[in-house]
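Here's the structure we're looking at; comments come further down.
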Amino acid sequence: MTTAQLDKMRLELRRGVLVLAVLSSLKEPHYGYSLRKQLQDAGIDIDEGTLYPLIRRLADQGLLDSEWRQGEGRERRYYQLSELGADLLAQLTKEWQQLNKALGPLLEH
Amino acid sequence: MDLLERYLAAVQQELPADKQQDVTRELKANILDQLDALREQTPEQSDEEHVLHVLHELGPPKQMAYQFHPPQPLIRAELIPLFRFTLFMVLGIIFLINVVESTLLWLGHDQMGLLLLLKHMGSGFIGDATLAFTGITLGFWSMSKEQKNRCQQLPNWDPSKLPQLSQKWQRIELSDIFTDLATYLFLLILIWYPAWGEVQSSLSLTEQSRFILQVFSPVLLLGIANNLWQLSQRNWTPALLKANLLLNAFMVIAILLLAFTGPLITDVPERLYWLDADQLHRSITISLLILALFPGWEVIRDGRRLLQLKK
């Protein structure tokens, strides 16, 4: 398998998981950079060019609430899970756990 | 910082007007946060180096803008095959019409050279094709918009209604439907195109031939309707086979009548001085007989297929 193929597969594998990670991290309010830092500290490396548009798309879908706040002499847009987002996160978490449980034994073979 | 403003302006340029201010405002806030973090991590580097690093990580402005606002195709992916066939069919007809029109003009004008003929053909085709391309694209764009709204509703389909195909040939290829459609349309235009009056002085049809062609025009219209029916079904059913068989039988009759009921055209054009009237009429009759073989073959083919389906 070539590096390009591996990168493509990794990207596909991570795409869905990133949504779950972002929604889960936004139980607490975060602005773009602080969210990226939190994900990085948790071991999920995501580049800015992917993360910032992703947060906006989730907000456009009504899964996140957002507001501009002033802090440290600068304005920042804070995002937090909306009610709809919280419902979706609960369902996705359940789905993820089921998948993980089913996938574990398969990968061990 | 000038570089940062240039980057934001380039991103803004690629975004729709209603998102420009909001997206760049947020992107700028995020970049400034990243720059702060970089200053803490690598204080020995200059501000310009930091900006360069962050912008390099973010990627080209166009790519960044597309991430925020993915481009929407003008025509939905599922409509592309139909769009392609429609385009090829219409452009094909336009090309043939231009060839016929220019040739008739050429036959009627002694001073018209080969270069002028090619120029007439080319300019006519480009003008008509541009108009047709625009019209078809706009039509499919509007269909795409309509389908997008429809797709948002839950699809209501019944798997038990899937066609039961017992023969491989029962699936109708899009290319076959469009070839037939193009033929019927071309023939209709050829018979009724009003502009022929101006150019056909060189090659006039006899009253009898014109009458036969016009009487059989409804058959061509039925052929178009039959093709649209095929397009909606996409597989041969006994009813479709019977309709196709009948249509092709009528076509054979029309062509044979044209071939055997006297001359098709009144005079031999001056350009074709090397042919006498008998030779020209004989050539036309033979050409028509060869032409009749195509629908004739389809009559036999559909007859055999009907028998296969009955078994």
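So is B:Arg84 more than 14 Å from chain A (Cβ to nearest Cβ) and within 30 Å of B:Glu146 (Cβ to Cβ) or not? Yes, satisfied.
Can you confirm whether B:Ala17 is surrounded by fewer than 17 Cβ atoms within 10 Å (Cβ to Cβ) and either more than 26 Å from B:Ile136 (Cα to Cα) or within 14 Å of chain A (Cβ to nearest Cβ) (or both)? Answer is yes for this residue. When B:Val23 is tested against (1) more than 25 Å from B:Ser144 (Cβ to Cβ); (2) more than 12 Å from chain A (Cβ to nearest Cβ); (3) assigned to a helix (DSSP H, G or I), exactly one condition is not met: (2). Considering every residue within the range B:79-94, establish whether at least one is among the charged types (D, E, K, R), out of contact with any Lys or Arg (no Cβ under 8 Å at 6 or more places or on another chain), within 26 Å of B:Ser175 (Cα to Cα) and outside the structural domain of B:Asp180 (by TED's automatic domain parsing). Yes - at least one qualifying residue is present in the range B:79-94. Looking across the range B:218-251 at every residue that is of a type in the set (Gly, Ala, Ser) and surrounded by 15 or more Cβ atoms within 10 Å (Cβ to Cβ), the one that is farthest from the chain's Cα centre (by Cα) is identified as B:Ala249.
Within the range B:74-114, being without any contact (Cβ under 8 Å) to a residue 12 or more places away in the chain, under 11 Å from B:Phe140 (Cβ atoms) and part of a loop (DSSP other than H, G, I, E, B) holds for no residue.
Yes/no per residue for (1) closer than 27 Å to A:Asp60 by Cα; (2) under 38 Å from the mean Cα position of the chain (by Cα); (3) buried (at least 17 other Cβ atoms within 10 Å of the Cβ):
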{"residue": "B:Glu44", "(1), (2), (3)": "no, no, no"}
{"residue": "B:Asp47", "(1), (2), (3)": "no, no, no"}
{"residue": "B:His50", "(1), (2), (3)": "no, no, yes"}
{"residue": "B:Gly59", "(1), (2), (3)": "yes, no, no"}
{"residue": "B:Leu74", "(1), (2), (3)": "yes, yes, no"}
{"residue": "B:Leu91", "(1), (2), (3)": "no, yes, yes"}
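Might you let me know whether the range B:1-13 holds any residue that is of a type in the set (Asp, Glu) and either in a loop (DSSP other than H, G, I, E, B) or more than 12 Å from chain A (Cβ to nearest Cβ) (or both)? Looking for residues that are of a type in the set (Asp, Glu) and either in a loop (DSSP other than H, G, I, E, B) or more than 12 Å from chain A (Cβ to nearest Cβ) (or both), one finds at least one in the range B:1-13, hence yes. For A:Arg57, the conditions (1) within 23 Å of B:Leu32 (Cα to Cα); (2) surrounded by fewer than 12 Cβ atoms within 10 Å (Cβ to Cβ) are fulfilled apart from (2). The requirement of being under 24 Å from the mean Cα position of the chain (by Cα), assigned to a helix (DSSP H, G or I) and modelled with pLDDT under 80 is fulfilled somewhere in the range B:174-190, by at least one residue. Candidates in the range A:27-63 are the residues that are without any contact (Cβ under 8 Å) to a residue 40 or more places away in the chain and not in a helix (DSSP H, G or I); of these, the one that is nearest to the other protein chains (Cβ to nearest Cβ) is A:Asp47.
The values are calculated or read from the model by the stated rules, or taken from the named source; none is laboratory data. Computed from a predicted model, the values in this text were never measured in an experiment. Note: ideal-geometry Cβ built from the backbone for every residue, glycine included; neighbour counts use all protein chains shown.
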